[in-house]
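Worksheet for the structure shown next.
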Amino acid sequence: MARIIAIVLALLAMGTAGSAGAEPYVSRKLGFQVEFPAPPGIQERVVKTEFGGAKLTRFMASKSYVRAALNVLRYDREPFTPKEAREILEKSVAAQVTSTDVTLIERNNIALGKYPGLEALIAVKRGTRRSYYRQRIYVAGRRKFFLSIIGITKAHVMAPKSSRFFDSFKAW
């Protein structure tokens with residue numbers, strides 16, 4: 001019993017997605033900075049999209065019972081018009097809720113300075129388990145930034161420490 005209590009207390013002490021005083025991760029090449037909960041792993045690959053070729057750079061960091069991710073797509077084309085940017089944002093959210101196991105709980109238009117964005121809260125049922133995705137998506141020039149926090153409860157992805165990840169993001 002004492003061991004179970006110790007494990008529960010350790011989990012509570014770990015917090016969620018942010019860490020006070022963490023150094024921001026800065027990518028001058030991709031034009032952003034963000035505060036990950038832990039040092040991120042990085043993967044790169046070339047992908048084909050409806051707008052042509054793009055380079056995808058994926059940053060992922062896990063801490064405790066949540067995962068923070070940032071996907072950056074750099075399209076091989078001229079910057080998007082405001083109408084095209086809005087279309088990309090809408091399609092990005094719609095593409096995620098095509099399965100009956102996925103529920104869009106909340107969706108809001110947002111902006112990062114002059115860059116349009118969307119914030120979404122999504123629930124995904126996997127067998128008898130459910131997980132939650134909180135996302136912010138921005139289109140900046142010819143880049144799409146897709147930030148997400150994935151957790152086992154809605155409270156985890158909506159926690160102030162998770163919000164710190166989103167609020168620390170800057171793009172130029």
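Being farther than 26 Å from Glu23 by Cβ, modelled with pLDDT of 95 or more and hydroxyl-bearing (Ser, Thr, Tyr): is that true of Thr81 here? Spelling it out, Thr81 is indeed farther than 26 Å from Glu23 by Cβ, modelled with pLDDT of 95 or more and hydroxyl-bearing (Ser, Thr, Tyr).
Selection of region 56-92 for residues being assigned to a strand (DSSP E or B) and either in contact with a Gly (Cβ under 6 Å, 6 or more places away or on another chain) or surrounded by fewer than 15 Cβ atoms within 10 Å (Cβ to Cβ) (or both) yields Met60, Val66. Taken residue by residue, region 106-127 has no member that is assigned to a strand (DSSP E or B), over 28 Å from Ala159 (Cβ atoms), in contact (Cβ under 8 Å) with a residue 24 or more places away in the chain and touching an Asp or Glu at 6+ places or on another chain (Cβ under 9 Å).
For region 93-132, the set of residues classified as touching a Leu at 6+ places or on another chain (Cβ under 9 Å), at pLDDT 95 or above, of a type outside the set (A, V, I, L, M, F, W, C) and surrounded by 13 or more Cβ atoms within 10 Å (Cβ to Cβ) consists of Arg107, Pro116, Gly117, Tyr132, listed by residue number. The number of residues in region 61-105 that are among the acidic types (Asp, Glu) and farther than 28 Å from Lys125 by Cα comes to 3.
The values are calculated or read from the model by the stated rules, or taken from the named source; none is laboratory data. Just so it is clear, the model here is predicted, and its values are computed rather than measured. Neighbour counts are summed over all protein chains in view; Cβ atoms, including those assigned to glycine, are modelled from backbone coordinates with ideal geometry.
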